[in-house]
Amino acid sequence: MPQETVRTNYRVRASELVGRGWLNTGGKSVSLEDLRGKIVLLDFWTFCCINCLHVLDELRPLEQKYSDVLVTVGVHSPKFEHEADPVALAAAVERYEITHPVLDDPELATWQAYAARAWPTLVVIDPEGYIVAHLSGEGHANGLESLVEELVAEHDAKGTLHRGSGPYVAPEPTAGDLRFPGKVLALPNGNFLVSDTGHHRLVELGPDLATVERVIGSGTKGFRDGQAEVAQFNEPQGLVLLPAELTWQLGYDVIVADSVNHRLRAVSLSSGQVQTVAGNGVQRLIASPDAPLDEKPAVEVHRHHNPLEVALSSPWDVVWSRKANAVVVAMAGVHQLFSYDPAARALEIIAGTALEGLLDGPAPEAWFAQSSGLAEDADGNIWVADSETSAVRVLRFGEDGATVETAVGTGLFDFGFRDGAAGQARLQHPLGVTVLPDGSVAVADTYNGAVRRYDPSTRTLSTLARGLAEPSDVLLDASGPEPLLIVVEANRHQLVRLPIPKEAQQVDEGAAQTQRPRTAVAAGQFELTVRFTAPTGQKLDDRWGDPTQLKISSTPPELLTDGGGTSTGLQRTLTLSQDIPEGVLHITARAAACDGPADADGEIPDHAACHLYQQDWGIPVLLDATGETSLTLDLRGMD
């Protein structure tokens, strides 16, 4: 397959790396002068972002192969308030096993210096200190490898390449029996099964939540089916117990969301045997690989009867749905809900277009944002912790089809710690939900370090507990005389029981928005251009018309008086209202290209491999009469 070329056609001197401090350097600061002679890859990331986590894994083989010439520097530019906490950042660096230096950039100083506009953004600096590539999004590993090879040859010949080790210094580990546990499941024998995410295994704990009864998985990161002692997982997360009648039929009891392997795994509790039931291990990048980019719906729902051939993307939680008679899967990586019918071995998209955001309505048209927690209530509704919108959503099954509603939350950039009426209440990146005996919903409000309670009857939010260390899941424990909550405290590597207060606390620490730099723009006509050049060896796939698409909306909706919606092409004239002082422009760009002949006029062969490039931006804007009247974004780096 032809290699992607990502090199820019200009030379700009790289800006210095400025921030609050450094991690993974043994306490030392790192300057660009210290890195002169190395190829430097800046990875602008934030630890809440699933796309950023994908990029971390994409870069690992590249870092290993070119360890003597390439230095990756993670520039952590936080979205949420909690991510600006240096203790939380240090835990995230350990949790995700990051083996390169990380610059803590809470004020977004380096982010702004490099004109980053989206998470993740990648910038390549050559050994002489010049920027040679600037990329947004994920999926650039092949192009980066080609570029590194080119830079190695060029600077070897010039004598400007210095080989040797980089500035990385491994930190001291902090975990015990559990390491950044993810989710918890009650078992029929009174024990609890925990996804020991940081150790890449499952652990069965006794009723005291401390005694390790057994381990399923070798503890070595990887992918392997087999007996408990040899099976391998890669950051497992959600767990669901299947109905007893299915267990007898299928020979296994539990389905596991094996997030970084992009697979669903099945476990037999009696034998410890692990098998794969869905996912081919290839990360799914779009909703439907064969969906054309035209005016047709963004999602075409297919029922796949060979789920082992289907690409998944970071499945994060699973729950059994009586209404769907299937396992519902929170597919965090593509912002959708899937269902898996283990009896029929069928996989299906049941909600979400794969566009990231908060949009209610018919399930196939709804937008989610990294859904990470699921729970079913007594009526068969599925409650969803929609983490990137700091929201609680609900999927309802009806005679006319499924619908999605928002209980708490307003959008991608709004968060906070506020109780009260749902319309004003705020969460901060929740990851787990469970239904309480009275029908209310307990929420693991992860970045607020709290457990919250949403009451559907009064549409109000209250606080049950505070002072927790990134609670990643919450479970109702009804095994004793009084119901209790079991909370997974990921950053304290433990599970704890909490009482359910009869009167919840009331908290109002305010609402906030992501503090990214705002672009000053003028009201009236505004020209938007997204630049895209097909990689070398590929051609735009225009066999069925224009293969590019823009989808544009705004928060508040009144900001955009004309030019919103979805249409082909990568240029759009917008009209911005003069009556709205500030807001956010939400932009999604797509382009399809296929491997093609060297002759630009040649036809794309029927058997050609095709690729879809997509990027989402949320651009905060401030209306100013002297502001910009146009905006240019890059869907990918220019050749």
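Read-outs throughout are calculated quantities, based only on the coordinates presented, and are distinct from any laboratory measurement. Quick caveat, the model's predicted, so the values are computed rather than measured. Cβ: placed from backbone, ideal geometry, glycine included. Neighbour counts: every protein chain shown.
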- [ ] Taking the Cβ of G480 as the centre, find all other residues whose Cβ is under 14 Å away and add up their charges (Lys, Arg: +1; Asp, Glu: -1).
- [x] -2
Open item on the list: I want to make sure I understand the PRE zone here: with the label point 7 angstrom from the Cα of N280 toward its beta carbon, which residues in region 131-148 have backbone N atoms less than 15 Å away?
Closed with: none
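Quote the FRET efficiency, to the nearest 0.05, computed for Q578 versus R459 with a Förster distance R0 of 30 Å and r equal to the Cβ-Cβ distance.
Numbers: r = 35 Å, r/R0 = 1.15.
My answer for the efficiency is 0.30.
Where nothing but the Cβ of Lys and Arg (+1) and of Asp and Glu (-1) is charged, how large is the charge dipole of the chain around its Cα centre, in debye to the nearest 20?
That gives a dipole near 760 debye.
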- [ ] Could you run the Debye sum over the Cα atoms of region 518-639, one equal point scatterer each and no solvent, and tell me log10 of I(q)/I(0) at q = 0.13, 0.16 Å⁻¹, two decimals?
- [x] -0.56, -0.75
Open item on the list: Run the simple label-point estimate for T533 and R20 please: 7 Å along Cα→C-beta, distance reported in nm.
Closed with: 3.9 nm
Open item on the list: Given axes a ≥ b ≥ c from the Cα gyration tensor, I'd like to know whether the chain is rounded (a/c under 1.5), prolate (a/b larger than b/c) or oblate.
Closed with: rounded
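Restricting to DSSP loop positions (anything but H, G, I, E, B) with no more than 13 other Cβ atoms inside 10 Å of their own Cβ, which trypsin sites (Lys or Arg not before Pro) remain in region 162-223? Mind showing how you got there, number by number?
Working: sites: R163, R179, K183, R201, R214, K221; in loops: R163, R179, K183, K221.
Sparse-neighbourhood loop trypsin sites (Lys or Arg not before Pro): R163.
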- [ ] Rank the residues V256, V18, V334 as a footprinting-exposure proxy: fewest other Cβ atoms within 10 Å of their Cβ go first.
- [x] V18, V334, V256
Open item on the list: Under the rule of at least 5 residues apart or a separate chain, name every residue whose amide H is placed under 5 Å from the amide H of L358.
Closed with: L412
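Which entries of K65/K183; K79/K183; K79/K158; K28/K65; K65/K551; K79/K221 have Cα-Cα distances beyond 30 Å here?
Working: K65/K183 34 Å; K79/K183 24 Å; K79/K158 41 Å; K28/K65 25 Å; K65/K551 38 Å; K79/K221 28 Å.
Result: K65/K183; K79/K158; K65/K551 exceed 30 Å.
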Open item on the list: Under 13 Å between alpha carbons, and skipping anything fewer than 8 positions from K323 in its own chain: which aspartates and glutamates qualify?
Closed with: D341, E376, D377, D379, E399
Task: K28, K323 arranged by Cβ crowding within 10 Å, fewest neighbours leading - done: K28, K323
Task: Long-range HN-HN contacts of D541 with modeled amide H, under 5 Å - done: A592, A593, C594
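Under the definition of Cα pairs under 8 Å and six or more residues apart, what whole-number percent is the relative contact order of region 32-84? Don't jump to the answer; show the numbers that get you there.
Values: 49 pairs, mean separation 28.1, N = 53.
This gives 53 percent for region 32-84.
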Open item on the list: I need the calculated FRET efficiency for the pair E482 and T220, taking r as the beta carbon distance and R₀ as 35 Å, to the nearest 0.05.
Closed with: 0.30
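Taking only C-alpha pairs under 8 Å that are 6+ residues apart, what is the relative contact order of the chain in percent? Walk me through the intermediate numbers first.
Working: 1739 pairs, mean separation 65.2, N = 639.
Answer for the chain is 10 percent.
Quick one: net charge around L464, please, counting Lys, Arg +1 and Asp, Glu -1 for every other residue with C-beta under 9 Å from its C-beta. Walk me through the numbers before you get to the answer.
On the way: positive: R452, R453, R466; negative: none.
So the surrounding residues net to +3.
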Task: Label-point separation in nm, A344 to K502, each point 7 Å along Cα→Cβ - done: 4.8 nm
Open item on the list: Between region 141-158 and region 426-446, how far is it from one alpha carbon centroid to the other, in angstrom?
Closed with: 48 Å
Task: Neighbour-count order for T463, T197, T626, fewest beta carbons within 10 angstrom listed first - done: T626, T463, T197
- [ ] Determine the gain in length on full extension of the stretch A522-Q64; use 0.36 nm per residue of separation and subtract their C-alpha separation, reporting nm with one decimal.
- [x] 160.2 nm
Open item on the list: Please enumerate, by chain and number, the aspartates and glutamates with C-alpha under 15 Å from the C-alpha of K539, excluding those fewer than 8 residues away in the same chain.
Closed with: E4, D595, D599, D601, E603, D606, D639
Open item on the list: Taking C-beta distances below 4.7 angstrom as the pairing criterion, name the unpartnered cysteines of the chain, in sequence order.
Closed with: C48
TODO: Using θ = phi - 60° and the Karplus relation 6.51 cos²θ - 1.76 cosθ + 1.60, list the HN-Hα couplings for region 188-197 in order, rounded to whole Hz, with x at every Gly or Pro.
DONE: x, 7, x, 8, 10, 9, 10, 7, 7, 4
- [ ] Can you figure out the FRET efficiency of D400 with E150, using R₀ = 45 Å and their beta-carbon distance, to the nearest 0.05?
- [x] 0.20
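If you add up the charges near W320, with Lys and Arg at +1 and Asp and Glu at -1, over every other residue whose beta carbon is less than 13 angstrom from its beta carbon, what do you get? Walk me through the numbers before you get to the answer.
Values: positive: R322, K323; negative: E245, D253, D317, D341, E376, D377.
Computed value for this residue: -4.
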Task: Relative contact order (%) - region 518-639, alpha-carbon pairs under 8 angstrom, separation at least six - done: 40 percent
- [ ] With runs of 4+ DSSP H residues as the only contributors, calculate the mean residue ellipticity of the chain at 222 nm using -39,500 (n - 2.57) per run, divided by the residue total and rounded to the nearest 500.
- [x] -2500 deg cm²/dmol
